[in-house]
Every structure is written in structure tokens, then in C-alpha cells.
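The values are calculated or read from the model by the stated rules, or taken from the named source; none is laboratory data. Quick caveat, the model's predicted, so the values are computed rather than measured. Neighbour counts run over all protein chains shown; Cβ positions are idealised from the backbone, glycine included.
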Amino acid sequence: MQRRNALAALVAVGCNIGAARMAPASGLSVWEISEAADWYLTTEALKAASVDLVNFAIRLPMSYLYGLGDTCSTHGMRFYVPVDILAADFSHLLHGRGVTLYAHTAENAMRLHQEPIPCRLREATFVLDGLMEHETELDPRTVYTDSHGYTEVVMASAALLGKALAPCIARMHELTLYKVDRSRHYPDLDPILDGTVKPHLVRRAWDETVRVIASIYARTASPSLILHRLGSSARQHSVHQALHEIGRVDVLIISSARLTMRTSVVSRAAS
């Protein structure tokens, strides 16, 4: 009987039809289905089941036809939420209360991680959560995001954790690019290098920055919580400033690589 109740609860929750609509089809009461859902379908149990399914799938020979899983992409989708939950808040795009479901998907179509976040929060803050907390056997090294999925601080943190953030930057021509040495001149790049990185801010807070990154790596706290605390202080934190400067270098490297790639493509097309 418990197995029957658990399966009915799984269908009710998984198909999003609810216990009230599932009860007549299963021959069980609403209370029995709801009780089974509360007991068995906890957040921890569902995550553990998802991890087991992903690990089983990537061991299948056919999964390698879709990729090795060393890259992943992130994407957030907003959903209207008619009930009151902690992660929901008002969204002007939904004209009501909603939630952003932020997901990490590997190149082989395996879902690494997903979590509901408030619509008002920027998605970039949660990029590292999925990379550090997915618990599957996959180890993506390159993460593709859209413009909402990156900031200089997140890019620097990812690089120090051994990950490469590859954002699809909208309006790249409006970016402010920074060079490291003000006295150095680059004839081909000087017209677009409008600022200078401040290495002294990195040197001043380097030891503390390493401790923060080590805390993220050791999972003593979620990356989103740590980065949010660093960025929300009234006086800008020294670690936040250091990561910001490192991230500016990462943005310059990515932008230069893409400009070089675009130039080579145009040259080949012209020839």
C-alpha cells in the first residue's frame, strides 16, 4: 500500500496535477496521496534521485554521442506562481507573482542542477551554485551564459575555481575594456581600451580573496550567499573590489578572442 501511495504521489507531483485530481484516478484519498508526498518526495530525496538518474545515464555508451559533459549552459525561465512561496516575488514581465527557475544543463542534455530564485535577483549570482552543488559525476569546465548570467565578480570567481565562464555578451560594442598597464600602448586595441585595471586592489586583498574562494570550493556556504554578502555591504568590500578587477581582465581576454575570431572569419569570407 505504501508503494502504491508513493507512486500516486510521484505522478501527482511530477505531472503537476495535484493530489485532488490524482485521487479519483488512483482510488486513493487526497489525504493518502498528500501524506505520501510529504513523507517521500522531500527536496533531498528528489535531488538524490535526480543525481542517480544523471549518473546512470552518463555511463551509457550512447551518452557519449551527445558529448562528454565538460561544458554546460545556464538559463533562467520565469513562471507565474499563483500561490505564496518563499522564492516568489512580483515580476513586471509576468504581471504578478512569479519565480525564476534557473537551470544548468550539460552539453549531453543532462540536467545538472536547478533551483527557484526570486525574479528580482540577477541570475549571475547563482551561476556558481549549480557548478559547485550539483553532486553528479559530471565536471563541466566551461559554462555558457547569456548577458544576465555574468558579472566581472562572477567571472573572476569562476576562473579562480578552475572554471571558464563564456558569456554571450549583448551590445559588446558598449563594453568598457581595461588594460593592465597604463603605460603600455597597443596600436590596434588602444581605441577600444578605455580604462586601466588597478592591480593594487588585487594585491591588497589577495590573501582574503583566496580564503573566500577556498570557502566556496569547500562548500562551507553557497557561492550565491557569499557573493551577495560581498556586494551588498554599504562600503564596498576589499575582496569584491579585487574580484571586480580580476574580472575586468577576464572580460578583456574573452572580448579579444571573439574579436580575433570574427576578424578571421571575415577575412576568410572576403578571400
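Values for this structure:
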| item | result |
| --- | --- |
| Residue count for the range 73-119, restricted to those that are exposed (fewer than 13 other Cβ atoms within 10 Å of the Cβ) and touching a Pro at 6+ places or on another chain (Cβ under 7 Å) | 0 |
| Qualifying residue in the range 204-216 (condition: touching a residue at least 24 places away in the same chain (Cβ under 8 Å), under 23 Å from Glu135 (Cα atoms) and small (Gly, Ala, Ser)) | no |
| Lone unmet requirement of (1) modelled with pLDDT of 90 or more; (2) acidic (Asp, Glu); (3) part of a loop (DSSP other than H, G, I, E, B) for Asp52 | (3) |
| First in the range 134-160 and closer than 20 Å to Ala170 by Cβ and without any contact (Cβ under 8 Å) to a residue 60 or more places away in the chain, second anywhere and assigned to a loop (DSSP other than H, G, I, E, B) and not aliphatic (A, V, I, L, M), Cβ under 7 Å, 6 or more apart | Ser147/Cys168 |
| Qualifying strands (runs of 3 or more DSSP E) (wholly inside the range 71-171; at least 1 residues being out of contact with any Lys or Arg (no Cβ under 9 Å at 6 or more places or on another chain) and polar (S, T, N, Q)) | 71-80, 111-118, 142-145 |
| Boolean, Leu28 is in a helix (DSSP H, G or I) and either at negative phi or in contact (Cβ under 8 Å) with a residue 60 or more places away in the chain (or both) | no |
| Unmet criterion (only one of (1) touching a helix residue (DSSP H, G or I) at 6+ places or on another chain (Cβ under 6 Å); (2) buried (at least 17 other Cβ atoms within 10 Å of the Cβ)) for Val30 | (2) |
